[in-house]
Amino acid sequence: MPKDHGIGASSKRREDVRFLSGRGVYTDDMALHGQTYAVFVRSNVAHGRIKSIDTSAASKMPGVLAIFTGEDFKDVGGNPAGWLINSRDGTPMREPKRPVLAHGKVRHVGDAYAAVVAETYNQAKDAAQQLADDSDIEELPAIVDMKKAVADSSNRVHDEIPDNLCFDWGWIEDNRAAVDAAFKSAPHVTTLELVNNRLVPNAMEPRSSIGEYNPGTGDYKLTTTSQNPHLTRLLVAAFVLGIPENKLTVVAPDVGGGFGSKIYHYGEEALVLAASRKLGRPVRWTAERTESFLTDAHGRDHVTKIEMASTKDGEILAIRTETLANVGAYLSNFSTATPTFLHGTLMAGPYKVPHVYVNVKTVFTNTAPVDAYRGAGRPEATFSIERIVDKMCRELNLDPFEVRRKNLIQPDQFPYTTPVGLVYDTGNYQATLDKLIELADVKNFDKRAAASKAKGKLRGMGLSTWIEACGIAPSNLVGVLGSRVGLYDAATVRVNATGNISVMTGAHSHGQGHETVFAQIVAEKLGIPESSVEIVHGDTSKIPFGMGSYGSRSLAVCGAAMTKAVDKIIAKGKKIAAHMLEAAEGDITFEDGKFSVAGTDKAKTFGEIAFSAYVPHNYPLETLEPGLEETAFYDPANFTYPAGAYLCEVEVDPETGKVDIASFTCADDFGHVMNPMIVEGQVHGGVGQGIGQALLENTSYDENGQLLTASYMDYAMPRADDVPFYTVDHSCVTPCTHNPLGVKGCGEAGAIGSPPAVVNAVIDALHRGGHTHVKHIDMPVSPARVWSAING
Amino acid sequence: MHNFDFVKPATIADAVKALSAEGAQALSGGQTLTPTMKQRLAAPSLLVSLTGIAEMKGVCMGDDGLSVGAATTHATVAKEAAAHYPALAALAGGIGDPAVRNRGTIGGSIANNDPAACYPAGVLGSGATVVTNRRRIAADDYFQGMFSTALEEGEIVTGVTFPVPEKAAYVKFNQPASRFALTGVFVAKFKDGVRVAVTGASNNGVFRWAEAEKALSSNFAASAVEGLTVSADDMIGDLHGTPAYRANLVKVLTKRAVAAAQ
Ligand SMILES: Cc1cc2nc3c(=O)[nH]c(=O)nc-3n(C[C@H](O)[C@H](O)[C@H](O)COP(=O)(O)OP(=O)(O)OC[C@H]3O[C@@H](n4cnc5c(N)ncnc54)[C@H](O)[C@@H]3O)c2cc1C
């Protein structure tokens, strides 16, 4: 019997009651007395020099309260990058200032260089249009293509950065010679050049922010669509506006998806705060969908050359990559970590590769900033590795299942130290591969292929065995690697007098289901009903501290902090029980919600202990404090390493090039699973996004830096009929060895493991159909691209 | 969106009169016009709704064929034309999503004449007659290139009359993002010949593929098209497909439409 509550039960998502009944409260839903509207004036050229902005006409328009330009913020701080990366030669990365509003130059289409605040939204729109008409911006040649950007020093995104290069990173530089030597002596070398396509995050809820300033107290409040409210508070307070942290509250209420794009602090947040201070009234802004396309931090955008050295029978000897990674016009907060420590460190995959060297050059261009997007760096690594393993198998005429099996790290080799600086604590990659082969019914593939053929379709199957690293940590390591923040988390467990509980967590739920799962865990540990536990998140005035939700860290890091805090509650409960039961503290046991004196029938329920903590009529106050509330901080010992094996079957229509996903099977090892239904949903969503990347999503800038895919008319998101009914399994479990729940994280896996499975399947289908000249098709593998590849 | 006035007349005459005002524009289902207004790309000062005019709504079978009022929604055509002209009903049922089909109308679609829209292929492929407040226009004269029609100032479409063919089918290949027709082909077999209309492919908007019509008129089978070639000259090239790709689709979809019409 599956459990019906607590850890491991598929408890229904409690948050869905409000989401599905229209009772969620998102930032834009909040109406505030005296509120005003901000509208941004955005560049319509990719690169230009701001010669003048004449505010005189706009400022006289009806309802206009204030106008801001870059000039108003030139003396405040910039929005910083969170990681300092050094180049191979030891020099620190180039870090141009990212101002609240563009000053001097505009650097991408959508770059905000002025803002209008007015009584109504339409008045602000009208004045913003006037201001745009009254701005003189001299268009400069746009820098769009990364190869040209680094080759041509005469045209610069930032005048002070000659070759448009942020850094040239080698990982691990000391291993470079050994890797080169391994290639020289290798019996076979496979080479592949590929593009990891740029993606627009497309959260359902656009970004939205409200700034409030109370002149009576000097307090600021920012209500905003954030995955990470404490980070936003830190950045706004300490770096950009110089507001003391204790005078700024950041609230991230219900947030409709983020996928990474809402981890970061954006200039609009600083603007609404500064404007509310100037006006003494709330100032609000919500992005229009076009603004989301133009200004949300995009994802991916790598151009990579990968080489793989192997024996003739497919044993991998070495991997070498050269990547150009686009960071766009400015450094977004995690943009420098994503292509480096979330990408290069994963370049050994789940394989026993003795030699790996990764080179990443990050390039400034006149495009929207690029940063972490679901998977962040790891999808790029996985795609490169899994595509080249497949290509190697084809070149050497080897079976892709067997070659992977041969190269996978063996279960008895853990903990396993990779040549790219990680220690995988645990795993069983054979087990997930075996499970996959069984679930996907690989042995009957030929029958299905024959059925497809009868319909005029080419069927193919694509495999991907992937690994990733979640819960980015520990602080002492990331500090050495260049992180400017720690990567721990915190939780407070507050037991109320009547025995129910509020848990304040540093995680932020924007669709994941934390309110359900975290309650399951706390309820199980304390032996109380789930309904007695409330999860509080997204408000810096309520939560001790937190680093928010991204990188599949919420359970592994924040859940661990919560577990530690619950352990402290139990320890304190034992003290109280010892006092109430007149026993020694060491004799108290806690089980099923009851504190008992070992070996006796003397016991107190959790509720009785809680009540006594708040009604301490006879407490020995020198040794026992009243109250029952505990806070814990947790800094993990290592990353967690979810891994798995994915198989995609496609049908290709050779006449039109259209690819249909016939089936998609996932065998994942996420460690212990807290709520199987939610985990399955996370995998569905992740694979859906992976299929979107593989087949549909194409962020295209033309040579002038205009975004051609700035609406859903041209940017293809996956829809329900683009994805299949998934087969998802997570019965292979090797618990994480270093966090108290034994969990690894499941939020990004689907988006990481799936794109190469899809593309491998398409190439397989074409080869089986006789189109053996097709070695690779760049994503998105659109009908037109497949048709051109077949006929090219 | 800018402010505007709104009227909803009950007769064609009142609508035409209202439309003679400076800055007035017809509003039918609003599926094209309202997004344009929201983006501030259009700013009519008066919207004249055509959806309150009873004589412009509904589907009705008569001696000269199937008449569809210009303000009839795609959803209504999908339902009510099914018994009389299944290929046309299927075309209407494949436009956009349920929300679009429940608002968008045939009159709005052919007045707009988007080069990737479905109805122009159905209207031209059927050899239908476009009825306006002033005259009757043969489909062959009505469509005049991308977003361009024979409609004159102050003229509105009031309905479309379709002769019903013996066999017909519309096959649409979706543009992956918008799901308009990347290319769509409408094939209709009449007693006296076959018409083939292609949307989505050409820089000149919807067009008839004369060679295929000729070949299919003597042999209504997919194989009749096999030997033909489609020139990529003047085909649309964009993010979603090159001219050569669209030329290929024209042929592939024509074969499929013929097969579906059997
Ligand atoms: C998400 C989405 C998906 C879509 N997918 C498809 C698709 O797959 N295939 C497809 O073919 N279309 C598609 N459409 C377009 C849809 O069919 C629209 O309904 C159509 O283009 C316009 O019809 P409407 O009634 O909404 O016209 P409106 O938007 O009201 O008007 C459009 C234009 O025509 C004028 N006009 C309207 N009625 C008349 C008339 N009777 N006489 C003269 N002028 C008139 C208006 O003044 C305006 O200029 C889609 C639209 C959306 C929003």
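The values are calculated or read from the model by the stated rules, or taken from the named source; none is laboratory data. Bear in mind that the values here come from a model prediction, so they are computed numbers and not experimental data. Please note: Cβ atoms are built from the backbone with ideal geometry, for glycine as well, and neighbour counts cover all protein chains shown. We work out accessible area using only protein heavy atoms, side chains counted, and drop any ligands, DNA or RNA first. Shrake-Rupley method; radii C 1.70, N 1.55, O 1.52, S 1.80 Å.
Can you tell me which residue is farthest from the other protein chains (Cβ to nearest Cβ) among those in region B:240-262 that are open to solvent by 40 Å² or more (accessible area, probe 1.4 Å) and modelled with pLDDT of 95 or more? Step through it out loud before you land on a result.
Kept after step one, since they are open to solvent by 40 Å² or more (accessible area, probe 1.4 Å), are these residues of region B:240-262: B:242-244, B:251, B:256, B:259-260, B:262.
Retained after the next criterion (residues that are modelled with pLDDT of 95 or more): B:242-244, B:251, B:256, B:259-260.
Details: B:Thr242: 7, B:Pro243: 11, B:Ala244: 8, B:Lys251: 9, B:Arg256: 9, B:Ala259: 11, B:Ala260: 14 Å.
Residue satisfying both the conditions and the ranking: B:Ala260.
Test A:Gly486 against the stated conditions and say whether it is part of a helix (DSSP H, G or I) and either farther than 21 Å from A:Lys262 by Cβ or in contact with a helix residue (DSSP H, G or I) (Cβ under 6 Å, 6 or more places away or on another chain) (or both).
The answer is no for A:Gly486.
Of all the strands (runs of 3 or more DSSP E) wholly in region B:11-84, which have at least 2 residues that are within 12 Å of the ligand (Cβ to nearest atom)?
B:24-27, B:46-49, B:65-69
Where residues in region B:85-133 are among the polar types (S, T, N, Q), near the ligand (Cβ under 10 Å from one of its atoms) and within 12 Å of the chain's Cα centre (by Cα), which of them is nearest to the other protein chains (Cβ to nearest Cβ)?
B:Asn112
Of the residues A:Ala454, A:Ala449, only one is out of contact with any Lys or Arg (no Cβ under 9 Å at 6 or more places or on another chain) and surrounded by fewer than 23 Cβ atoms within 10 Å (Cβ to Cβ); which? Working first, answer last.
On the way: A:Ala449 fails: out of contact with any Lys or Arg (no Cβ under 9 Å at 6 or more places or on another chain).
Criteria check complete, one pass: A:Ala454.
Residue-wise test of (1) closer than 29 Å to A:Glu160 by Cβ; (2) within 14 Å of chain B (Cβ to nearest Cβ).
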| position | (1), (2) |
| --- | --- |
| A:Arg88 | yes, no |
| A:Arg94 | yes, no |
| A:His103 | yes, no |
| A:His108 | yes, no |
| A:Gln123 | no, yes |
| A:Ala132 | yes, yes |
| A:Ser135 | yes, no |
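Would you tally the residues in region A:240-253 being open to solvent by less than 20 Å² (accessible area, probe 1.4 Å) and in a strand (DSSP E or B)?
So the count comes out to 2.
Could you tell me which of the residues A:Gly90, A:Gly63, A:Gly8 is open to solvent by 40 Å² or more (accessible area, probe 1.4 Å), on the phi > 0 side of the Ramachandran plot, not basic (Lys, Arg) and not assigned by TED's automatic domain parsing to the domain that holds A:Glu269?
A:Gly90
Every residue in region A:709-747 that is among the aliphatic types (A, V, I, L, M) and away from chain B (no Cβ under 14 Å), please.
Keep residues of region A:709-747 that are among the aliphatic types (A, V, I, L, M), which gives A:710, A:713, A:716-717, A:720, A:723, A:728, A:733, A:741, A:743.
Answer for region A:709-747, where residues must be among the aliphatic types (A, V, I, L, M) and away from chain B (no Cβ under 14 Å): A:Val728, A:Val733, A:Leu741, A:Val743.
Mind checking whether some residue in region B:226-239 is within 14 Å of chain A (Cβ to nearest Cβ) and either open to solvent by less than 20 Å² (accessible area, probe 1.4 Å) or in a helix (DSSP H, G or I) (or both)?
Yes; the residues of region B:226-239 include at least one that is within 14 Å of chain A (Cβ to nearest Cβ) and either open to solvent by less than 20 Å² (accessible area, probe 1.4 Å) or in a helix (DSSP H, G or I) (or both).
Restricting to region A:693-708, count the residues that are at the interface with another protein chain (Cβ under 10 Å from one of its Cβ atoms) and either in contact with a Leu (Cβ under 7 Å, 6 or more places away or on another chain) or crowded, with 23+ Cβ neighbours inside 10 Å (or both).
Going residue by residue through region A:693-708, those that are at the interface with another protein chain (Cβ under 10 Å from one of its Cβ atoms) are A:695-698, A:700, A:702, A:708.
Narrowing further to those that are either in contact with a Leu (Cβ under 7 Å, 6 or more places away or on another chain) or crowded, with 23+ Cβ neighbours inside 10 Å (or both): A:695, A:697-698, A:700, A:702, A:708.
Here the count works out to 6.
Does B:Gly193 meet the test of being within 14 Å of the ligand (Cβ to nearest atom) and in contact with a Ser or Thr (Cβ under 9 Å, 6 or more places away or on another chain)?
Judged against the criteria, B:Gly193 is not a match.
List every residue pair whose Cβ atoms sit under 9 Å apart, with the two residues 6 or more apart in sequence or on different chains, where the first one lies in region B:22-44 and is within 14 Å of chain A (Cβ to nearest Cβ) and open to solvent by less than 20 Å² (accessible area, probe 1.4 Å) and the second, anywhere, is more than 6 Å from the ligand (Cβ to nearest atom) and assigned to a loop (DSSP other than H, G, I, E, B).
Hits for this filter: B:Met37/B:Met1; B:Met37/B:His2; B:Met37/B:Phe4; B:Met37/B:Ala43; B:Met37/B:Pro44.
Could you check B:Ser178 against (1) within 14 Å of another protein chain (Cβ to nearest Cβ); (2) more than 13 Å from the ligand (Cβ to nearest atom); (3) closer than 17 Å to B:Gly93 by Cα and say which number it fails?
Failing condition for B:Ser178: (2).
Residue check: is A:Ala237 open to solvent by less than 20 Å² (accessible area, probe 1.4 Å), in contact with a helix residue (DSSP H, G or I) (Cβ under 6 Å, 6 or more places away or on another chain) and hydrophobic (A, V, I, L, M, F, W, C)?
For A:Ala237, the condition - open to solvent by less than 20 Å² (accessible area, probe 1.4 Å), in contact with a helix residue (DSSP H, G or I) (Cβ under 6 Å, 6 or more places away or on another chain) and hydrophobic (A, V, I, L, M, F, W, C) - is met.
Which residue out of A:Gly280, A:Gly299, A:Gly257, A:Gly216 is at positive phi and either open to solvent by less than 20 Å² (accessible area, probe 1.4 Å) or out of contact with any strand residue (DSSP E or B) (no Cβ under 9 Å at 6 or more places or on another chain) (or both)?
Only one candidate qualifies: A:Gly257.
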